[in-house]
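Colleague: Dropping the structure in here first, questions after.
The values are calculated or read from the model by the stated rules, or taken from the named source; none is laboratory data. Please read all numbers here as calculations on a predicted model, not as lab measurements. Don't worry about glycine lacking a Cβ; one is built from the backbone with ideal geometry, like all the others, and counts go over all protein chains shown. Protein only, heavy atoms only, side chains kept; ligands, DNA and RNA dropped before computing areas. Shrake-Rupley method; radii C 1.70, N 1.55, O 1.52, S 1.80 Å.
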Amino acid sequence: MSGRVVFRSVWLPWLLVAPQLAITAVFFLWPAGEAILQSTQLPDPFGLSTQYVGWENFDYLFGDRYYRASFLTTAIFSLSVTALSMGVSLLLAVLADGVIRGSGVYRTLLIWPYAVAPAISGVMWLFIFQPSIGLFPYWLKAIGYNWNHVLNSGEAMSLVVIASAWKQVSYNFLFFLAGLQAIPRSLIEAAAIDGASPWHRFRTIILPLLSPTTFFLLVINVVYAFFETFGVIHTITAGGPGQSTMIMVYKVYADGFIGQDLGSSAAQSVILMLIVGVLTIVQFRFIERRVHY
Amino acid sequence: MVRNNRVATVFTHLLLILGIAVMCLPIWLTFVGSTVTRAEIIQPPLPLWPGDQLLLNYREALFGGRNAPVLQMLWNSAIMALGIAVGKIVISLLSAFAIVYFRFPGRQLVFWTIFLTLMLPVEVRIVPTYEIAVNLKLLNTHAGLILPLIASATATFLFRQFFLTIPDELAEAARMDGAGPMRFFKDILLPLSRTNIAALFVILFIYGWNQYLWPLLITTDPDMNTIVMGIKRMIPSADDYGNWPVTMATAILAILPPALVVIVMQRLFVKGLIETEK
């Protein structure tokens with residue numbers, strides 16, 4: 001860095017970073033500050049005045065059965081989405097890595113669902129699983145199972161997990177395929193000569209060498225499940241039935257915009273910011289380490 | 001040597017085709033749903049082969065529509081996606097240029113301020129951001145759809161990384177020839193960054209197009225809705241059969257532009273995806 005040629009100007013660099021800083025200040029720092037401020041306040045029922053209440057909003061939140069439940073819901077939801085989408089994409093990537101002919105075609109056919117918005121994925125899966133007209137409930141009924149995610153919370157959770165995971169498979173597939181293709185063939189062939197079976201080779205060579213990719217995808221998928229699946233929840237279940245699919249991000253919206261409980265919503269925002277902060281640091285530490293390899 | 005026998009190869013291909021079929025099934029059923037009549041949908045099972053109502057349903061979706069015509073929503077989505085993609089790229093190019101090629105007091109501070117935006121996705125700060133946008137009179141405007149999403153730490157980092165790989169000699173030579181910083185930026189840095197810009201554009205276009213929560217808050221007027229969020233209002237509720245074929249046609253229309261971008265610019269897309277996450 002020290003030897004780098006630099007231009008000299010007092011005002012030009014500030015002019016160059018001005019747009020970025022202005023947007024950051026107005027739409028990131030200011031709202032984040034507001035959220036922190038509001039999380040310590042309680043507006044009166046008419047929204048005319050606010051009162052400083054310290055930690056009360058947080059105390060209230062952690063005492064709230066529904067909020068604690070939404071932690072658990074979020075954990076179950078994110079783990080399921082991550083496991084399902086990573087499992088399916090690893091399988092597909094291993095298969096695609098094994099074929100010599102046509103792997104380009106398979107890749108093209110598998111990556112374009114990336115372009116589908118989570119909300120649209122929600123609409124499509126809702127259509128397929130709609131209890132009265134959907135194709136799957138019709139098939140399930142034929143084998144004696146009555147599907148109704150509008151009433152059954154387990155089914156509602158399964159449906160939002162499937163719709164969220166489906167969209168993410170393309171992304172994971174691309175990274176797994178790239179990771180697999182970076183593993184030297186000679187290692188696998190050496191193991192084969194020593195008599196290791198395909199499953200044994202996969203477990204003892206491929207999987208460990210793939211672990212950086214896997215860990216990276218783990219973080220990315222958890223972040224995705226936490227923050228980008230709002231559209232899926234909103235189109236399919238709106239948090240219901242009951243509160244069974246009320247993930248934390250959805251609850252911020254539901255309490256803030258529908259419930260108009262601004263203090264609580266702001267406190268939830270602050271908690272989410274802390275979670276994003278931790279996830280970002282984990283991600284960066286890991287990436288730093290990878291760069292140094 | 002790893003044995004590659006014929007049976008195993010055929011088996012692998014079959015499994016792959018099965019996997020692709022499962023992955024494509026929802027889109028296929030959505031497409032079928034957009035080509036049949038309402039009566040055919042209300043009486044399950046849904047046929048597995050497209051019907052003959054394609055033109056009718058798409059025409060109704062594009063020009064009729066229950067809230068706003070889809071054509072209008074597509075237009076809003078296009079403005080939003082292009083605005084976000086172009087805006088993010090311009091803003092990030094400029095700030096990365098400043099951070100790499102200038103030494104100024106507070107440079108580290110600027111860098112960390114930009115980094116902070118990474119940690120604050122719009123989903124976690126919706127209520128205050130919404131209030132600020134309303135105060136700034138951004139409700140129901142294209143600027144309101146674009147501006148709050150336009151700052152990008154990722155793009156800035158990407159360009160910073162890239163600028164750091166450009167040999168110093170280039171800047172030195174430019175300086176010796178008497179070129180000022182902006183001349184260097186325009187004539188040397190920009191042409192060198194062309195591939196990176198294009199790759200990033202693909203990713204950011206899809207990001208902008210697929211936004212849901214922010215348009216949901218900031219556009220209350222149906223004529224300002226984007227297609228990805230506008231479709232929510234077209235979903236028939238549980239006890240009314242609504243117009244599923246038109247809703248499904250809208251879903252296909254919402255997928256088409258970003259899907260085409262991914263397929264046509266596949267190489268750039270993969271490059272962009274892998275580099276933005278590094």
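Here is a yes/no grid of residues against (1) in a helix (DSSP H, G or I); (2) facing chain B (nearest Cβ under 9 Å); (3) over 18 Å from residue B:156 (Cα atoms); (4) open to solvent by less than 70 Å² (accessible area, probe 1.4 Å):
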residue	(1), (2), (3), (4)
A:21	yes, yes, no, yes
A:24	yes, yes, no, yes
A:28	yes, yes, no, yes
A:31	yes, yes, yes, yes
A:34	yes, yes, yes, yes
A:37	yes, yes, yes, no
A:48	no, no, yes, no
A:51	no, no, yes, no
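Colleague: How many residues are within 19 Å of the chain's Cα centre (by Cα) and within 9 Å of chain A (Cβ to nearest Cβ) if we restrict to segment B:154-178?
Modeller: Going through segment B:154-178 one residue at a time, the tally reaches 1.
Colleague: Further question on the same structure: Being closer than 15 Å to residue B:207 by Cβ, in a loop (DSSP other than H, G, I, E, B) and touching a Ser or Thr at 6+ places or on another chain (Cβ under 7 Å) is the filter here, so list the residues in segment B:128-168 that pass it.
Modeller: B:151, B:152
Colleague: Filter segment A:81-101 down to the residues that are open to solvent by less than 40 Å² (accessible area, probe 1.4 Å) and either of a type in the set (S, T, N, Q) or within 7 Å of another protein chain (Cβ to nearest Cβ) (or both) and list them by number.
Modeller: Within segment A:81-101, A:82, A:85, A:89, A:92, A:95, A:96, A:99 qualify.
Colleague: Using the structure shown, decide if residue A:188 is surrounded by 15 or more Cβ atoms within 10 Å (Cβ to Cβ) and modelled with pLDDT under 85.
Modeller: Yes; evaluated as a whole, the condition is true for this residue.
Colleague: While we're on this one: Give me a count of the residues in segment A:102-113 that are open to solvent by 10 Å² or more (accessible area, probe 1.4 Å) and free of Cβ contacts under 8 Å to residues at least 60 places away in the same chain.
Modeller: The number of residues fulfilling the criteria is 8.
Colleague: A follow-up question, please. Any residue in segment B:9-34 that's facing chain A (nearest Cβ under 9 Å) and under 17 Å from residue A:88 (Cα atoms): show its pairings with residues that are modelled with pLDDT under 90 and exposed (fewer than 15 other Cβ atoms within 10 Å of the Cβ) at Cβ separation under 8 Å, as long as the two are six or more apart or on different chains.
Modeller: From residues that are facing chain A (nearest Cβ under 9 Å) and under 17 Å from residue A:88 (Cα atoms), the pairs are B:13/A:102.
Colleague: Here's a follow-up. Among the helices (runs of 4 or more DSSP H) contained in segment A:203-278, which hold 2 or more residues that are of a type in the set (Ser, Thr, Tyr) and within 25 Å of residue A:61 (Cβ to Cβ)?
Modeller: A:248-253
Colleague: Identify, please: which residue in segment A:191-202 is in a helix (DSSP H, G or I) and either more than 22 Å from residue A:178 (Cβ to Cβ) or not small (Gly, Ala, Ser) (or both) and is, among those, farthest from the chain's Cα centre (by Cα)?
Modeller: Selected residue: A:193.
Colleague: Evaluate the following for residue B:212: is it closer than 17 Å to residue A:121 by Cβ, modelled with pLDDT of 90 or more and either of a type in the set (Asp, Glu) or open to solvent by 30 Å² or more (accessible area, probe 1.4 Å) (or both)?
Modeller: When the stated conditions are applied, residue B:212 does not pass them.
Colleague: Which condition breaks for residue A:66 when tested against (1) more than 14 Å from every other protein chain (Cβ to nearest Cβ); (2) at pLDDT 90 or above?
Modeller: Among (1) more than 14 Å from every other protein chain (Cβ to nearest Cβ); (2) at pLDDT 90 or above, residue A:66 violates only (2).
Colleague: Does residue A:124 meet the test of being of a type outside the set (Lys, Arg), more than 9 Å from every other protein chain (Cβ to nearest Cβ), over 14 Å from residue B:259 (Cα atoms) and part of a helix (DSSP H, G or I)?
Modeller: So residue A:124 does not fit the description; no.
Colleague: Going by the conditions given, is residue B:197 at pLDDT below 90 and closer than 25 Å to residue A:112 by Cβ?
Modeller: Criteria not met by residue B:197.
Colleague: Quick test for you: out of B:99, B:84, B:91, pick the one residue that is open to solvent by less than 30 Å² (accessible area, probe 1.4 Å) and closer than 19 Å to residue B:228 by Cβ.
Modeller: Only one candidate qualifies: B:84.
Colleague: For residues that are open to solvent by less than 10 Å² (accessible area, probe 1.4 Å) and of a type in the set (Gly, Ala, Ser), scanning just segment B:179-209, find the one that is nearest to the other protein chains (Cβ to nearest Cβ).
Modeller: Here the answer is B:208.
Colleague: Further, regarding this structure: Here is a check on your reading of the model: is residue A:61 under 30 Å from residue A:37 (Cβ atoms) and either in contact (Cβ under 8 Å) with a residue 40 or more places away in the chain or among the polar types (S, T, N, Q) (or both)?
Modeller: So residue A:61 passes the test.
Colleague: Considering only segment B:35-64, state which residues are of a type in the set (A, V, I, L, M, F, W, C), more than 10 Å from chain A (Cβ to nearest Cβ) and either touching a Lys or Arg at 6+ places or on another chain (Cβ under 6 Å) or open to solvent by 30 Å² or more (accessible area, probe 1.4 Å) (or both).
Modeller: B:39, B:49, B:54, B:55, B:56, B:62, B:63
Colleague: Within segment B:149-208, how many residues are small (Gly, Ala, Ser) and under 24 Å from residue B:110 (Cα atoms)?
Modeller: 7
Colleague: Please enumerate the residues belonging to segment B:206-221 that are more than 18 Å from residue A:231 (Cα to Cα) and part of a helix (DSSP H, G or I).
Modeller: Correct list: empty.
Colleague: Of the conditions (1) open to solvent by less than 50 Å² (accessible area, probe 1.4 Å); (2) within 14 Å of residue B:84 (Cβ to Cβ), residue B:120 fails just one. Which one is it?
Modeller: With (1) open to solvent by less than 50 Å² (accessible area, probe 1.4 Å); (2) within 14 Å of residue B:84 (Cβ to Cβ) applied to residue B:120, the lone miss is (2).
Colleague: Could you identify the single residue in B:76, B:67 that is more than 12 Å from chain A (Cβ to nearest Cβ) and modelled with pLDDT of 85 or more?
Modeller: B:76
Colleague: Would you tally the residues in segment A:254-269 being modelled with pLDDT of 85 or more and surrounded by fewer than 23 Cβ atoms within 10 Å (Cβ to Cβ)?
Modeller: Result for segment A:254-269: 1.
Colleague: Might you let me know whether segment A:138-155 holds any residue that is closer than 27 Å to residue B:32 by Cβ, more than 10 Å from chain B (Cβ to nearest Cβ), in a helix (DSSP H, G or I) and open to solvent by 30 Å² or more (accessible area, probe 1.4 Å)?
Modeller: There is at least one residue in segment A:138-155 that is closer than 27 Å to residue B:32 by Cβ, more than 10 Å from chain B (Cβ to nearest Cβ), in a helix (DSSP H, G or I) and open to solvent by 30 Å² or more (accessible area, probe 1.4 Å).
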